[in-house]
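The values are calculated or read from the model by the stated rules, or taken from the named source; none is laboratory data. Keep in mind it's a predicted model, so treat the numbers as computed, not measured. Cβ sites come from the backbone with ideal geometry, for glycine too, and all protein chains shown count toward neighbours. Quick note on the areas: whole protein, heavy atoms, side chains included, nothing else; ligands and nucleic acids left out. Shrake-Rupley method; radii C 1.70, N 1.55, O 1.52, S 1.80 Å.
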Amino acid sequence: MIKNIVVFFLFTVALVGAQVPRVALPLPGPSRYYVHVVNGLSKLGLLVHCQSKDDDLGYHRLLNHGDGYKWNFKVNFWGTTLYWCKLETPHAYVSFESFWLETQHLWLRDRCKHGTVGTCIWTAKDDGIYLRNFLANVDELIHKWIYKR
């Protein structure tokens, strides 16, 4: 009797398992990411301060057009890696999240994927902060400057 119940249970599990539709999961992203902040301003220097909950990367002065600051990291075990930056000129500033791990949407991953490497390039320009979209081969305006009074 118990043998029949076990066989029936296994048959039911196999039948139900065969009926479950397969969901296409996105491919895993890179395990190491590189984030670049670039001074693309025409005249002014740029003060950059980036950090995560656990890692303050300090202040960096990008004095000339084309100067950059970069760092790299591995995504943490829990998938909660988050970095944010404050960029400041003598007349304006902006604060924004510069990296977050996406689980449902691929907006940032699509823009920061350069081949098999995760590379996010944020460029401060005269009208705001741009993120390099590698797939479209363009810089996209993401944040506008907040002007100081």
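Would you work out what percent of the accessible area of region 32-147, with all protein chains in place, is carbon or sulfur (probe 1.4 Å)?
Here carbon and sulfur together make up 53 percent of the probe-accessible area.
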Along the Cα→Cβ direction, 7 angstrom out, place labels at ALA136 and LYS74. What is the inter-label distance in nm?
3.4 nm
Using the heavy atoms of the protein chains alone and a 1.4 angstrom probe, what is the accessible area of region 32-147 per residue in square angstrom?
58 Å²
